[in-house]
Amino acid sequence: MMVSAILIPLGFRAVFGFLNVPMRLELQPKIHLDAIKALANPTFLVLYPKSIFASYALTFTILAGVFAYRAGRGDGRAELYAGKFAKLGLAFLVLTAVLGAVYAETLRIFAPYKFDNAFGMLLGINAKYDVSWMLLLKIAFVSIQFAAIVYFLKSRGVRSAEVAGAAGIGAVFIGEMLNAFSQYPLLIANVSGLPPAVVKSLEGILNMAKPNPLTTMSSLYAITLAFLIPLLICFGVLIYLVSTD
């Protein structure tokens with residue numbers, strides 16, 4: 001699982017990096033992408049390890065909750081594991097937060113449109129598509145996760161470990177939404193590296209709201225959420241089954 005957590009984000013984080021800044025997109029002699037050099041994208045170099053650390057932080061936090069639950073039911077060895085996993089979860093959560101700040105800085109430098117939308121009213125920026133409320137919500141989830149882990153390490157309260165796991169899931173979910181919607185409606189957040197003539201010819205295509213009217217339909221998001229809710233419920237049931245004898 002830890003290996004998959006390293007390999008799986010490689011592809012879609014590389015895509016996110018490209019959508020932030022289309023580095024190494026060559027137009028001559030024909031349109032092609034130098035994939036190896038594209039991995040040097042500064043936003044990808046930060047976002048990729050941040051994603052790995054975040055997945056470890058969430059995994060260890062949930063495991064701490066599972067073993068804390070078992071400890072609460074009289075499993076003496078489980079309390080030891082719960083403490084170890086909680087410490088690992090806390091360590092990776094701190095690393096994730098540090099890289100999150102670095103990622104924000106790379107966006108400010110290389111994809112200012114996306115940065116402005118993500119921080120909007122929080123920094124007094126007049127953003128075109130302000131989703132800073134998502135950032136605020138993510139900060140709240142991460143803060144709850146951090147505080148709950150620290151409280152658990154001090155008190156060994158089962159509920160605090162469970163709260164930490166739930167908050168971690170919420171933080172990851174809202175974080176993905178924030179990363180995606182902060183560049184809306186643009187398909188690529190920063191095309192300044194492409195020739196002006198190319199940018200102008202692609203202007204309509206790069207604006208998702210123009211070629212695809214579905215992106216402006218609230219019903220589409222409602223349907224997506226409707227399918228996500230059962231997925232999250234199933235995840236909760238899985239955790240419950242793992243937690244019980």
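The values are calculated or read from the model by the stated rules, or taken from the named source; none is laboratory data. Predicted, not measured: the structure shown is a model, and the values here were computed from it. Positions of Cβ are generated from backbone atoms using ideal geometry, with glycine treated the same way; all protein chains shown enter the neighbour counts.
Miscellaneous remarks
- Selection status of Ile139, out of contact with any Ser or Thr (no Cβ under 6 Å at 6 or more places or on another chain), under 30 Å from Lys200 (Cα atoms) and among the hydrophobic types (A, V, I, L, M, F, W, C): no
- When residues in segment 56-77 are screened for being part of a helix (DSSP H, G or I) and surrounded by fewer than 18 Cβ atoms within 10 Å (Cβ to Cβ), 2 of them pass.
- Checked against the criteria, Lys114 counts as of a type in the set (Lys, Arg), under 26 Å from Met23 (Cα atoms) and surrounded by 19 or more Cβ atoms within 10 Å (Cβ to Cβ).
- Within segment 116-144, being touching a residue at least 60 places away in the same chain (Cβ under 8 Å) and either more than 15 Å from the chain's Cα centre (by Cα) or not in a helix (DSSP H, G or I) (or both) holds for one residue alone: Asn117.
- Checking each residue of segment 79-92 against the condition of being surrounded by fewer than 20 Cβ atoms within 10 Å (Cβ to Cβ), part of a helix (DSSP H, G or I), at pLDDT below 90 and not hydrophobic (A, V, I, L, M, F, W, C) gives at least one match.
- Filtering segment 145-156 to residues that are surrounded by fewer than 16 Cβ atoms within 10 Å (Cβ to Cβ) and without any contact (Cβ under 8 Å) to a residue 60 or more places away in the chain leaves Ala147, Lys154, Ser155.
- Qualifying residue in segment 32-43 (condition: at pLDDT 90 or above and buried (at least 21 other Cβ atoms within 10 Å of the Cβ)): yes
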